[in-house]
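Engineer: Okay, handing you the structure first.
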Amino acid sequence: TKTDQAEKPVKEAPQPSKSLESPFVPDPVPTKTAIFKEELVDFWVWLQGALKEPTASIGSDKKHSYNAFALLTIFSATSFLFIVYHAKQGYYGRMASIDAHFMEQFPSLNLFSVFSILVATSLFFFSILMGGFVVKRFVDQDSDWTLERAFQAHSRLLAIPVLLTGIASFFALFNGLRFAVLLCLISIGLTLLANLYIISRPSKDSQTDPFYRLLLAFLVNGGVLFLFFLAEMALVFDYLRILAFM
């Protein structure tokens, strides 16, 4: 009996099926921080390219154009808000110590003020975009000039104002008002220059005389900017009074 038991083969333990084993290791799911860092690096590379060649027509991800406009709006609104805040608390605060009713002539800074300044800043930069779009689409009859293309063309030209307003918002935060105002004025000048560059370039298919085409472009673009300007002044005129004698 012992011999028979010794001759019986020992049963092997069941092994898992090899068909269930995958030769590929799944990639780890990237975290939100890693995604944000990657997008930040991509935007920085795009911004460097825009600084080197602002007029180059390079097809890129449209989110970079939107990010550039968003940053330009946020930096400009932040700079304006801090400049108004420090001007009111500094110079006009000393005047209020002499005349108790002096500060009542100016609006208070609250959440509504932040919203008004942000909306007015957005309207200003959108008016630059819309003015160039209307000229290209209706004066030059360029059907290829879409809003997306307008965003891409303007955003590359506005790369320098993005940096300037970013620096201005930093100095405005720490009460460096005069330097912040200077940077903001330079940024506005470059923005208007970018608008002039866009509307002054005739389309290839334009049959109008260049002089009359430029004159019509100025009139149409000026009309668009003026309409937006009225809306902007309605939102921030009271806050500009604070800066009148800074």
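The values are calculated or read from the model by the stated rules, or taken from the named source; none is laboratory data. Here the structure is a predicted model, which is why all the values come from computation and not from measurement. Glycine also receives a Cβ, built like all others from the backbone with ideal geometry; neighbour counts cover every protein chain displayed. Only protein heavy atoms, including side chains, enter the accessible area calculation; ligands, DNA and RNA are left aside. Shrake-Rupley method; radii C 1.70, N 1.55, O 1.52, S 1.80 Å.
Engineer: Just the residues that are touching a residue at least 12 places away in the same chain (Cβ under 8 Å) and in contact with a Phe, Trp or Tyr (Cβ under 8 Å, 6 or more places away or on another chain), please, taken from the range 133-153.
Structural biologist: F133, K136, W145, L147, A150, F151
Engineer: A follow-up question, please. Take the residues in the range 16-50 that are assigned to a loop (DSSP other than H, G, I, E, B) and acidic (D, E), then tell me which one is modelled with the lowest pLDDT. Please lay out each step first, then the result.
Structural biologist: Of all residues in the range 16-50, those assigned to a loop (DSSP other than H, G, I, E, B) come to 16-17, 21-31.
If we keep only those that are acidic (D, E) as well, we get 21, 27.
Details: E21: 50, D27: 57.
My answer is E21.
Engineer: Oh, and also: Look through the range 55-71, keep the residues that are more than 25 Å from L118 (Cα to Cα) and not hydroxyl-bearing (S, T, Y), and return whichever of them is modelled with the highest pLDDT.
Structural biologist: Of everything passing the filter in the range 55-71, A56 is modelled with the highest pLDDT.
Engineer: Further question: Do we find a residue being part of a loop (DSSP other than H, G, I, E, B) and either hydrophobic (A, V, I, L, M, F, W, C) or surrounded by 13 or more Cβ atoms within 10 Å (Cβ to Cβ) (or both) anywhere in the range 179-192?
Structural biologist: no
Engineer: Further question: How many residues does the range 140-151 contain that are in a helix (DSSP H, G or I), open to solvent by 30 Å² or more (accessible area, probe 1.4 Å) and closer than 27 Å to F211 by Cα?
Structural biologist: Looking only at the range 140-151, we keep the residues that are in a helix (DSSP H, G or I), and these are 147-151.
Subsequent filtering for residues that are open to solvent by 30 Å² or more (accessible area, probe 1.4 Å) retains 147-149, 151.
The next check asks that each one be closer than 27 Å to F211 by Cα; those that pass are 147, 149, 151.
Residues in the range 140-151 being in a helix (DSSP H, G or I), open to solvent by 30 Å² or more (accessible area, probe 1.4 Å) and closer than 27 Å to F211 by Cα: 3 in total.
Engineer: Which residue is surrounded by the most Cβ atoms within 10 Å (Cβ to Cβ), if the candidates are limited to the range 199-233 and must be aromatic (F, W, Y) and modelled with pLDDT of 90 or more?
Structural biologist: Ranking the qualifying residues of the range 199-233, first place goes to F228.
Engineer: Residues P161, P202: which one is part of a loop (DSSP other than H, G, I, E, B) and touching a residue at least 12 places away in the same chain (Cβ under 8 Å)?
Structural biologist: After ruling out the rest, the residue left standing is P202.
Engineer: Would you check if there is a residue in the range 164-176 being in contact (Cβ under 8 Å) with a residue 12 or more places away in the chain and part of a loop (DSSP other than H, G, I, E, B)?
Structural biologist: Yes - at least one qualifying residue is present in the range 164-176.
Engineer: If you don't mind, there's one more thing I want to ask. If R156 passes every condition in (1) open to solvent by less than 80 Å² (accessible area, probe 1.4 Å); (2) more than 23 Å from V224 (Cβ to Cβ); (3) not small (G, A, S) but one, which one does it miss?
Structural biologist: Here R156 clears every test but (2).
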